[in-house]
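Only one structure is covered here, and it is reproduced in the block below.
The values are calculated or read from the model by the stated rules, or taken from the named source; none is laboratory data. Not measured: the values here are computed from a predicted model. Don't worry about glycine lacking a Cβ; one is built from the backbone with ideal geometry, like all the others, and counts go over all protein chains shown.
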């Protein structure tokens, strides 16, 4: 579940939500003729789906997170922490047919809404698991994913368990040898810089940031195992061109955001 701060609902949605108060992360579905959205309260949308394109990525930060394809163009296994409206899960299921996908969601009420958001039924390559994501990655791995996507915000922000050094170490250990961790973070959270410092401790120089599309406060973190080297701009551009015909997201836009993120000064976290 995600919480992009600047992804404002439409005027009709805002009218419906005006008096929303929700302190217990009970999911609320708000919809109009064009879009269906998931909220926990009126402050931020958790997920949105276009009625005319249920498998599309309506929120910009999700499109930026799919930039992991520039590093892992053919993932065999993907693990996700946080289902929300299933945007990333559905996209990967549709556009990465060679991947097996496991989605971990702690809130059974969110899982109960999967049909509202056209989340696929469980099958041989897709499953939704009701569990604690931090516990899931810490378990002895039955498999080692090539990608772990973390998009798990509540009304109080990202849970502390999912920002701890213990959690990041568990993710690093669980990933395949050249696997990638992708995290949606909110820059105006009080502990944002603490999260980056901890990631730096665990992944060293093998990480980078990308400002998220259509958001002034969401940032995508890409952290990986293997070489500290990050792909050059020409290499990323070539890979984006190769992949673009099989994807509906604009991977060239992700290239530019990742390239911009290379300018981030990590020295303050050394």
Determine, yes or no, whether residue 202 is modelled with pLDDT of 95 or more and in a strand (DSSP E or B). no
Is it the case that residue 253 is touching a residue at least 12 places away in the same chain (Cβ under 8 Å), surrounded by fewer than 17 Cβ atoms within 10 Å (Cβ to Cβ) and either part of a helix (DSSP H, G or I) or out of contact with any strand residue (DSSP E or B) (no Cβ under 9 Å at 6 or more places or on another chain) (or both)? yes
Selection from the range 125-168 of residues that are in contact with a strand residue (DSSP E or B) (Cβ under 6 Å, 6 or more places away or on another chain), part of a helix (DSSP H, G or I) and surrounded by fewer than 19 Cβ atoms within 10 Å (Cβ to Cβ): 136
How many of the residues in the range 109-124 are farther than 20 Å from residue 57 by Cβ and more than 19 Å from the chain's Cα centre (by Cα)? 6
Would you confirm whether any residue within the range 73-80 is within 21 Å of residue 145 (Cα to Cα), free of Cβ contacts under 8 Å to residues at least 60 places away in the same chain and either surrounded by fewer than 19 Cβ atoms within 10 Å (Cβ to Cβ) or touching a strand residue (DSSP E or B) at 6+ places or on another chain (Cβ under 6 Å) (or both)? yes
Picked from the range 97-116 (must be touching a helix residue (DSSP H, G or I) at 6+ places or on another chain (Cβ under 8 Å) and under 30 Å from residue 242 (Cα atoms)), the residue surrounded by the fewest Cβ atoms within 10 Å (Cβ to Cβ) is 99
Among 242, 220, 208, 201, which is the only one that is closer than 23 Å to residue 170 by Cβ and surrounded by fewer than 19 Cβ atoms within 10 Å (Cβ to Cβ)? 201
Condition first: more than 21 Å from the chain's Cα centre (by Cα) and under 15 Å from residue 148 (Cβ atoms). Now tell me which residues in the range 214-237 satisfy that. 226
Could you tell me which of the residues 188, 214 is in contact (Cβ under 8 Å) with a residue 12 or more places away in the chain, exposed (fewer than 14 other Cβ atoms within 10 Å of the Cβ) and either part of a loop (DSSP other than H, G, I, E, B) or not assigned by TED's automatic domain parsing to the domain that holds residue 97 (or both)? 188
Within the range 238-248, is even one residue farther than 19 Å from residue 71 by Cα and either not assigned by TED's automatic domain parsing to the domain that holds residue 161 or not in a helix (DSSP H, G or I) (or both)? no
Every residue in the range 256-270 that is under 23 Å from the mean Cα position of the chain (by Cα) and touching a residue at least 60 places away in the same chain (Cβ under 8 Å), please. 257, 258, 266
Failed item in (1) touching a strand residue (DSSP E or B) at 6+ places or on another chain (Cβ under 7 Å); (2) surrounded by fewer than 19 Cβ atoms within 10 Å (Cβ to Cβ); (3) in a helix (DSSP H, G or I), with residue 264 passing the rest: (3)
